[in-house]
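Chemist: Below: one structure in structure tokens.
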Amino acid sequence: MDDPMTALHEHYVRSVNAAVAEDRMDLVQELYEDYLEEALRRLLATTAAA
């Protein structure tokens, strides 16, 4: 798991699965929003560094 985007994705998948198991749809929504923001931030940082 050397790709940071893959690691980020896997982290959020585990977190969302745990939230769903606990019937925490509010947390699922929050995790979804957090994931999009973090993924976009990382993509923009990579693009800017290139």
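Chemist: Shape of the chain from its Cα gyration tensor (a ≥ b ≥ c, root eigenvalues): rounded if a/c is under 1.5, otherwise prolate when a/b > b/c, or oblate? Walk me through the numbers on the way to the answer.
Modeler: Values: a/c = 7.04, a/b = 2.00, b/c = 3.52.
Here the chain falls in the oblate category.
Chemist: Also, quick follow-up: Quick check: net charge around V20, other residues with Cβ under 14 Å of its Cβ, Lys/Arg +1 and Asp/Glu -1?
Modeler: Values: positive: R14, R24; negative: E22, D23, D26, E30.
Once all neighbours under 14 Å are counted, the net charge is -2.
Chemist: If you don't mind, another one. Rounded to the nearest percent, how much of the accessible area of the chain (1.4 Å probe, protein heavy atoms only) is carbon and sulfur?
Modeler: Using a 1.4 Å probe with all protein chains present, the chain comes out at 58 percent carbon and sulfur.
Chemist: Determine the calculated [θ] at 222 nm for the chain from helices alone, applying -39500 (n - 2.57) to every DSSP H run no shorter than 4 residues and normalising by the residue count; nearest 500 deg cm²/dmol. The partial results should precede the final answer.
Modeler: Details: 2 runs with 43 residues, N = 50.
Mean residue ellipticity, 222 nm, calculated: -30000 deg cm²/dmol.
Chemist: Helix 4-21 versus the longest principal axis of the chain: what angle, 0 to 90°, nearest 10, using Cα atoms?
Modeler: The angle comes out at about 10 degrees.
Chemist: Taking the 0 to 90 degree range and rounding to the nearest ten, how far is the long axis of helix 25-49 tilted relative to the main principal axis of the chain, both from C-alpha atoms?
Modeler: Between the helix axis and the principal axis of the chain, the angle is about 10 degrees.
The values are calculated or read from the model by the stated rules, or taken from the named source; none is laboratory data. Everything numeric in this text was worked out from a predicted model, so none of it was measured. Here the Cβ is made from the backbone with ideal geometry for all residues, glycine too, and neighbour counts use every protein chain on show. With ligands, DNA and RNA removed, areas are computed over all heavy atoms of the protein, side chains included. Shrake-Rupley method; radii C 1.70, N 1.55, O 1.52, S 1.80 Å.
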